[in-house]
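As structure tokens, the structure follows; a few thoughts come after it.
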Amino acid sequence: MKRQRNHNRFVFLLILCLALNLGGCRAAGQLKDELSQVSDGIAALLSENPDSHSPEKPDAASQDRPDSTNGAWEDVTYDPLLYPYYGQLSQDAQAVYRQVCHYAAAQTPSLEPCRNLTEDEAEAVMTAVYYDQPGLFWLDGDYEYRHLNGQVIELILHFNDLAQDLTANRQAFEKAALSILDEARQASEPAARERIVHDRLLEGVIYDENAPYNQNAYSALVGGFAVCAGYARAFQYLLLELEIPCYYCVGTAVSYRDGPQGLVEDHAWNIVCLDGEYYNVDPTWNDTLLAERGLISYGYYNQTDDAFLADHTRDVKSAELPACTGTRFTYEALYGHPAELGILPALGLSEEDVIYDLEAYYEHCLRTLVESGPGESTLTAILWGEELCGAVQDSINSGAYENGFLSSAAKELSLNGFHFSVHLSFQEMGGGCYLLEQSMTLE
């Protein structure tokens, strides 16, 4: 949460102090005249001081202000296709955006906006820089400002501790990024490059709410630990380096991490543009579902809004980003099966191991027991849908599985008397799919 502080009380306090020093009780008219003289004196003093923070007149909103860097940032351009939040700004606000980026890169914390800027416009500029520029990993999302008569006269940037040895930290950041980018550049198609970036990033990052700098790309790429913002910024940075438009998208998502009822949480993910079509990608949710197994899920990879927005909601700023309606580069279009099943090869499974109803579950259990024979056996499969998970659990709890598959298995194995035990676990994989791991002992 950014901090915005008002520091424009100095003029009022100066006038008040001088007025109090006028001495004793004065007639209202006399005091008014003396205050007027003080005010005129202050105005003259400010006009003589070229470094003063007095605002431009309202009708001079497009005029430049003096800048200590001689406008070096003015010649920099930002393509709205790659930097969409920049594209949402007015021309004057875009000029300040470029200025902020220049000052942040130089680690200069204080700047006088080069255009007149209201408080709301300053908020929009700083948000746009923070959302568009994942490479500025030493720039914090919070900032301060001073304003006078409704105009922002100074922006004060905040840098995190990574700025203290920025040369070394930049080298570490670029080295970590290149280890992924070099491999991705060997692929000729943007979609293939995206997949490499996605997989290598997730292979190297662990979700950790206590990791330092976990909101930025540095934490993900160099530290190997991040939260959703860090995942999204690292993914954004890498794809932008490959000139693949990738946007930082913020909002809320319904998480089932802490229980089946679901919890609405603040969240960040990405929007990717491939050949003019837009898709949603949530690197965090593709990583944490089976992270302890070192497995990558694709339940939230290259999805349209129709599928994705069932549990993700954009905030106001991100709602202005393009709608995701692409069809040619969804996971299913690229690889021939739904994104939720993209994890099958890593599990050593095929689409034959996907179970869609209770009868199919019984058939899988029967086949597993018969093929394994008496003793211990393991069933690993994908259950399609939360309702099916509930039905399977109910079957085990109620004993319905005995007629469902156990009696048939004992008969085929010619067992007159036997003991049977079963233990199962479910892991949610996204998109309504669950990994079932079931151990059984028949003896």
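The values are calculated or read from the model by the stated rules, or taken from the named source; none is laboratory data. Just so it is clear, the structure is predicted and the values come from calculations on it, not from any experiment. Here Cβ is always computed from backbone atoms with ideal geometry, including for glycine, and neighbour counts include all displayed protein chains. Note: accessible area is taken over every heavy atom of the protein model, side chains too, but ligands, DNA and RNA are not part of it. Shrake-Rupley method; radii C 1.70, N 1.55, O 1.52, S 1.80 Å.
Observations
- Number of the exception - Thr380 against (1) out of contact with any Leu (no Cβ under 7 Å at 6 or more places or on another chain); (2) among the hydroxyl-bearing types (Ser, Thr, Tyr); (3) under 22 Å from Glu428 (Cβ atoms): (1)
- Output for segment 106-139, where each listed residue is out of contact with any strand residue (DSSP E or B) (no Cβ under 9 Å at 6 or more places or on another chain) and closer than 25 Å to Lys175 by Cβ: Ala106, Gly135, Leu136, Phe137
- Test for Leu349: is it in a strand (DSSP E or B) and either hydrophobic (A, V, I, L, M, F, W, C) or buried (at least 19 other Cβ atoms within 10 Å of the Cβ) (or both): no
- Of all residues in segment 176-216, those that are over 30 Å from Thr327 (Cβ atoms), hydrophobic (A, V, I, L, M, F, W, C) and modelled with pLDDT of 95 or more total 3.
- Residue within segment 357-380 that is closer than 26 Å to Asp287 by Cβ, in contact with a strand residue (DSSP E or B) (Cβ under 8 Å, 6 or more places away or on another chain) and outside any strand (DSSP E or B) present: no
- Qualifying residue in segment 208-217 (condition: among the charged types (D, E, K, R), touching a strand residue (DSSP E or B) at 6+ places or on another chain (Cβ under 6 Å) and open to solvent by less than 50 Å² (accessible area, probe 1.4 Å)): yes
Matching residues to (1) small (Gly, Ala, Ser); (2) free of Cβ contacts under 8 Å to residues at least 40 places away in the same chain; (3) under 20 Å from Tyr130 (Cα atoms):
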site	(1), (2), (3)
Asn160	no, no, yes
Ala168	yes, yes, no
Ile180	no, no, no
Glu194	no, no, no
Glu203	no, no, no
Ala220	yes, yes, yes
Gly224	yes, yes, no
Val227	no, no, yes
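- When restricted to residues that are within 21 Å of Glu351 (Cα to Cα) and either open to solvent by less than 30 Å² (accessible area, probe 1.4 Å) or part of a loop (DSSP other than H, G, I, E, B) (or both), segment 386-443 contains 12.
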